[in-house]
1. Among all helices in the chain defined by DSSP H, which have a length of 20 Å or more along the axis from Cα atoms plus a Kyte-Doolittle mean of at least 1.6?
2. Considering the chain as a Gaussian network with a 10 Å cut-off on Cα pairs, which listed residue, A202, A306, A275, attains the greatest mean-square fluctuation?
3. May I ask you to compute the full-extension gain from R34 to V384, defined as 0.36 nm times their residue separation minus their alpha-carbon distance, rounded to one decimal in nm?
4. Given contacts defined as C-alpha pairs under 8 Å and at least six residues apart, what's the relative contact order of the chain, whole-number percent?
5. Each label point is 7 Å from the Cα along the Cα-to-Cβ direction; what then is the distance between the points at Q436 and V20, in nm?
6. Taking trypsin sites (Lys or Arg not before Pro) as candidate sites, keep only those in a DSSP loop with at most 12 other Cβ atoms within 10 Å, then name the longest stretch of the chain containing none of them.
7. At a Förster radius of 56 Å, what calculated FRET efficiency corresponds to the Cβ-Cβ distance of R232 and F394, to the nearest 0.05?
8. Using a basic spin-label model with each label point 7 Å from the Cα along Cα→Cβ, how many nm lie between V42 and A130?
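All of the numbers you see were taken from the coordinates with simple rules; none came from a lab. Predicted model only: the values in this text are computed from it and were never measured. A quick note on method: Cβ atoms are made from the backbone with ideal geometry, for glycine too, and the neighbour counts reach across all protein chains shown.
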Amino acid sequence: MTDIDLAAGVAAIVLVSGAVAVGLIALTRLVGDRALGWLGAVVGIWAAGAAIVNGSRPAAAGSSLALDGTTAFLAALIGVVTTISLVLSIGGVRSARIRGDQVSLVLFAAAGAAAVVAAVDLLVLFAGLALLSIPFSAIAARRDPPRVVHRTQSGATSLAITAYGIALLYAATGETGYAALGRATHNPLYLAGLGLVLAGLAWRAVTASGHWSLLVTLGTMGALLRLVGATRTGDVALDWEVSLAALAAAALAFAVIAALTETRVRRLLGYAALAQLGYVLVAAAGFSAPAVAFSLAVFATLSLGAFGVLALLPEEDPRLPDLAGLVRQRPLVALALGIFVLGLVGLPPTAGYLARAYVFEAAVRGQLLWLVVVGALATVASAVAFARIVLACFAPPRPDAVAPQRARIGTVVLLALALAVVVAGVVPGPLLDAAQAVRF
């Protein structure tokens, strides 16, 4: 392990250290769940700060982790997402609050995500994916027992596919570093291995579900983009434009079509998140790394806010009629939800509008005009599908409806996220400057 590895992995090291500390404190049963949640939130923001301070350095021979702008941006984003997610879990209704021992598992998973986005070695990639997936399976076993087998099998399948792909890539190149992938030749083992690795990552990113799926999505998308960047240059020079464009179009089409008839709010927001990933892939197909980074940051903010609203609702799996009366009962929460929906649809003055514009600009520069048309049609269809969420909040409440509990911390966090979405839409300069450092 080189000094570059230690510096590049500082966010993961901070998160692992925090996870061990929180786990040991939780075993003593002397500290409450809320205090452990706050401690985990502090660890997350500490990891984000450490990633930013480290900056970037030239790559060193034999390094398994990259210390560049991409690592700093994505690791900081993962740390911030971890912090906000934990705070929302603390400030939500009692049934949605996280337990103290689960805070440690979340920090371990966040460490896995931070390692995955910095990895430039296939073995480190697999280790990070395992650390990212296994803790969430343990959390799902307690939060959603009926579906734990399905979620565990899904995570295990993606890991197995990735492991088989890594084995084939090693057989084809004799090395595990990403640099060897750019020097490989077009042989069946190499192409099959690369296809399996990317399929495993894509499977994990798309099928991630539950309260903490955003960390999984950020980690796997970061790894996917690094692998694409490593194999589109050098002797191999694979052309990823068609593959990424096809994935983007498929994600957009499936998300908006499925959302048109969905009435469960959680699934509706899940389809909205999948559509956002589709737009990120549009930018990736145009090979515009800054547009990808900007879109990922906006996607993370909108997803945190939208799913954070669900943590304040009394129903575990609310449907659209359950939102009736939210404007009267909790006007601030309804206001935040409206802003998040505007951002997910891509309307001004939110950052979602600018992210959509940068994505389409990247596609035009890449001469993917047909993909711009698909994205524009998906935007119109998504406006129809997701506007139902806002309209449902204005409906009169049912006589037997239970008003959402007052959660001051959760409401404040949601309003802060909504404000950030609007400010980034009006003054995008700081976020754009940070995104310029991202390369793949």
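1. Within the chain the helices that satisfy the rule are 10-28, 69-91, 100-118, 122-143, 241-260, 289-310, 331-345, 369-394, 408-426.
2. A202
3. 122.1 nm
4. Across the chain, relative contact order equals 16 percent.
5. Taking the two extended label points, one gets 4.0 nm.
6. 30-405
7. For R232 and F394, the calculated efficiency is 0.70.
8. 3.2 nm
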